[in-house]
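Here the structure is laid out as structure tokens; the discussion comes afterwards.
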């Protein structure tokens, strides 16, 4: 049917124009108002529009219709022109209503529309001629369809069933398609019903295989980039999974992803670290029996990198920390390492053997702990050695030997702050004693040891500046 708006615009072509004098004003004002209201209801409420327009057509005092009218409001003052076409409008409403009607009621509506457009054409409304042609064509086609011999295909119960079953499959509504077998398969044999049920399940299985094939690279990419680096809209797109409501079979990878989706979402929103995905990674182990399981590999890498970063951060915190803070950092790192050990302990040994990156990751985490500062055991022997040097045959030579030994200790990595403090104190003490033995002043000795000023400050100052006398104490004071 021609577009209603286009028809109404066409109706603006010059119609026969008539003036409604003031004596007729009351009847026509009401009739025009009702016609306008019905005109606006043609698409939204065609039945209501038909009823109102029929009332207008049946008004005994309103005979000037199917024309353009202007109502005399006051002497020499006319209203705006209005295309007062109740027959044409009623024909349009009947055609619109016929669209949704069953064949027999639709035939009656189209016949009525033809009569309305014929009447409108008789009254010189030119645009109604095209409408009449359209309505007649629709009526003729409907009559032909009603008299057409029955389609032998539609009498076939399998063909009738497929008309309902196949559209559902095209929409991936597998549960609804399976329900159709029981609901609309009355004409099918038991073997046919069984066959359609199995086909529905297989098509659902094929659909899920395709979904997994598309989801796998999205998942691996998202994990590789880092879920916490993904904007929410990109995360939702990457983790788009088929709705479970219309599935009749399952797929392990889809079920796994749906089960752990809240955990993945918490990592994306930075509510939880990636190490919290350890359970998801362990649960991914059975998903694919391949040399390397891609789901496990991607999730495990995220867990490992998160733990490695967190443990390394605790090691960094401990480097110049006091003992209490250092012990707290070590405790937190041990707890993180325990998470890794608990995760890998759940894996089947044969599975772990196939995934050769696991031992490497285990070794990397263990090696991080070598970075925690350790106390220097030899430091406790230094003060007694210095005291013994005074009783030696050559105190200066003995102090030189001790200084050489201390220089070797200073190159040791990862010393605790307390050990560095004692070591730097001892180095300054021994060097000061040697210099003072040779007759140098405290200021001269301090000048030679200026490189230890910053070291002592960073280590918290000398551990005991007074132990070896006031002259040594003055050297330490000059290094502040």
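The values are calculated or read from the model by the stated rules, or taken from the named source; none is laboratory data. This one's a predicted model, so the numbers in the text were calculated from it and none came from an experiment. Glycine gets a Cβ as well: all are built from the backbone with ideal geometry, and neighbour counts include every protein chain shown.
A few comments on the model shown:
Every residue, every condition in (1) in the same structural domain as residue 293 (by TED's automatic domain parsing); (2) farther than 20 Å from residue 257 by Cβ; (3) out of contact with any helix residue (DSSP H, G or I) (no Cβ under 9 Å at 6 or more places or on another chain), yes or no:
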residue	(1), (2), (3)
170	no, yes, yes
184	no, yes, no
192	no, yes, no
198	no, yes, yes
215	yes, no, no
224	yes, no, no
232	yes, no, no
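- Members of region 345-360 that are part of a helix (DSSP H, G or I), without any contact (Cβ under 8 Å) to a residue 24 or more places away in the chain and either surrounded by fewer than 16 Cβ atoms within 10 Å (Cβ to Cβ) or more than 33 Å from the chain's Cα centre (by Cα) (or both): 345, 349, 350, 353, 359, 360
- Tallying residues that are in contact (Cβ under 8 Å) with a residue 40 or more places away in the chain, over 28 Å from residue 321 (Cβ atoms) and not in a helix (DSSP H, G or I) within region 412-453 yields 1.
- For region 212-248, residues that are in contact (Cβ under 8 Å) with a residue 40 or more places away in the chain, in a helix (DSSP H, G or I) and buried (at least 18 other Cβ atoms within 10 Å of the Cβ) total 5.
- Test for residue 396: is it assigned to a helix (DSSP H, G or I), modelled with pLDDT under 85, more than 29 Å from residue 323 (Cα to Cα) and not assigned by TED's automatic domain parsing to the domain that holds residue 304: yes
- Matching residues in region 37-82 - criterion: being in contact with a strand residue (DSSP E or B) (Cβ under 8 Å, 6 or more places away or on another chain) and farther than 18 Å from residue 113 by Cβ: 64, 67, 68, 69, 70, 71, 72, 78, 79, 80, 81, 82
- Of the residues making up region 145-185, those that are modelled with pLDDT under 90 and either touching a strand residue (DSSP E or B) at 6+ places or on another chain (Cβ under 6 Å) or in a loop (DSSP other than H, G, I, E, B) (or both) are 148, 149, 150, 151, 156, 184, 185.
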